[in-house]
Structure formats: C-alpha cells, structure tokens
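**Q** The following block contains the structure, expressed as structure tokens.
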Amino acid sequence: MIRIYADSKAEPVRCTNRRRGIWRITWDYQETETPEGVQRSYMEETFDHLPALAEIKAVINEWYNRKITDTIESGYVWNGLKVWLSMENQMNYKTAYDLALQTGGENLPVTFKLGEEDNPTFYEFASMQQLQEFYTGAVKHIQETQKEGWALKKAIDWSVYTLE
C-alpha cells in the first residue's frame, strides 16, 4: 500500500498491465490546499490478479483499522502532554484508576510517563479527581476515534469496486 500524489483521481479498480494481469485499487481520495495549489492523493494497492470484492474490502478495511488504531495510540493529549495509548498502557491506566476507585484513592499517588519518548514527563497523579480527568479523557478519545472511524468505513461505496 502506498499513497499516490497525482493530478487526477484514478479509477477505483483498474488494470494497469493486461499481459501480466496487474490490477490496482484506490481509496481515501484527498484534496489538500497548499501554497502551490490543490494537492490530490489517494491510497493504492497492487494485485497480480483481478481482486474479488472480498479481497478489496479486506485491504481497505485493514488500512482504516490501522489508521484508527494509530490515532487512538498517538492522538490523545492531556494537559499539553502527549499520551501513548498502547493496549498495555490502556490496561495500566485502567488498573490504576479502578484500584483508586475501589480503595478510595489509597493507591495514590501514581506516576505515569507522559510526553514524547525523547523528552518524557513523569507525571504524578496525587488526587482522585486528577486521575479521573486523565482516565475519562483517554476513554473519551478512544470512543470518539472509533466512532469517527466507523463513520468513515460506513461511508465507503463498495459498488465502485465491482466491475460490470
């Protein structure tokens, strides 16, 4: 899969070499305003055969799923600090939050590494209110990102990938 920058929009499914049976699919068309003018781009995947609709759906859905996961993991900012929400970190944050709820905050303070990897901030959560704000913000970020991703995937017109 690669992003193609082009002057025009490519067909969703096209044969680029009939003799060798090379087919390409395209999706995620974008137009971006730049100082030089409009820049157009799209994602493209190459097949050595005419792909079935099921194959096309698998490739495109996997790309969107990866994009959603990347946004979940790296798109949350709390109090100006970037928060890495890998699955392991999500579980660590949930465990600390749940334990604080169950014990009335007796496990506090807890410290998490936030910010950029090369310039981390070790943030100490001393109050239940602070930890709750952090954790519920992370959950909200995850839910909103998933909702946006579902909407993008739902809007795909699969009929353009069917050749008559």
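The values are calculated or read from the model by the stated rules, or taken from the named source; none is laboratory data. Just so it is clear, the model here is predicted, and its values are computed rather than measured. When we count neighbours, we look across all protein chains shown, and the Cβ atoms used for this are built from the backbone with ideal geometry, even at glycine. Just so you know, the surface numbers come from the protein's heavy atoms only, side chains and all, with ligands and any DNA or RNA stripped out. Shrake-Rupley method; radii C 1.70, N 1.55, O 1.52, S 1.80 Å.
**Q** Ignoring any ligand, DNA or RNA, what whole percent of the accessible area of region 52-158 comes from carbon and sulfur when the probe is 1.4 angstrom?
**A** 52 percent
**Q** May I ask you to compute the full-extension gain from Glu133 to Gln39, defined as 0.36 nm times their residue separation minus their alpha-carbon distance, rounded to one decimal in nm?
**A** My answer for the length gained is 29.9 nm.
**Q** Another one. Can you work out the PRE-style zone for Arg20? Point 7 Å along Cα to Cβ, and I want the residues of region 45-64 with backbone N under 18 Å.
**A** 45-51
**Q** Ok, one more. Could you tell me the relative contact order of the chain? Use alpha-carbon pairs under 8 Å, at least six residues apart, and round to a whole percent.
**A** This gives 19 percent for the chain.
**Q** A follow-up question, please. In degrees from 0 to 90, rounded to the nearest 10, what is the angle of the helix 53-74 Cα long axis to the longest principal axis of the chain?
**A** 30 degrees
**Q** Same structure again: Could you tell me which residue out of Tyr123, Gln143, Leu50 lies farthest along the dipole of the chain toward its positive end? Charges go on the beta carbon: Lys and Arg +1, Asp and Glu -1, centred on the Cα centre.
**A** The one lying farthest along the dipole's positive direction is Leu50.
**Q** Moving to a separate point now. So if I place +1 on the C-beta of Lys and Arg and -1 on the C-beta of Asp and Glu, and nothing else carries charge, what would the dipole magnitude of region 86-164 be about its Cα centre? I want it in debye, nearest 20.
**A** Here region 86-164 has a charge dipole of around 260 debye.
**Q** With a point put 7 Å past each Cα toward its Cβ, work out how far Thr103 is from Leu152 in nm, to one decimal.
**A** With each label point 7 Å from Cα toward Cβ, the separation is 3.9 nm.
**Q** What does the accessible area per residue of the chain come to in Å², with a 1.4 Å probe and no ligands, DNA or RNA counted?
**A** 65 Å²
**Q** So, R0 is 25 Å and r is the distance between the beta-carbons of Tyr29 and Gln143; what FRET efficiency does that work out to, to 0.05?
**A** FRET efficiency, Tyr29 to Gln143: 0.40.
**Q** Still on this structure: Mind checking the angle between helix 128-154 and the chain's longest principal axis? C-alpha axes, 0 to 90 degrees, to the nearest 10.
**A** Roughly 10 degrees, rounded to the nearest 10.
**Q** Go ahead and set up a Gaussian network model of the chain, Cα springs under 10 Å, then flag whichever of Glu31, Glu44, Glu62 fluctuates most.
**A** Maximum fluctuation in the GNM of the chain, among the listed residues, is at Glu31.
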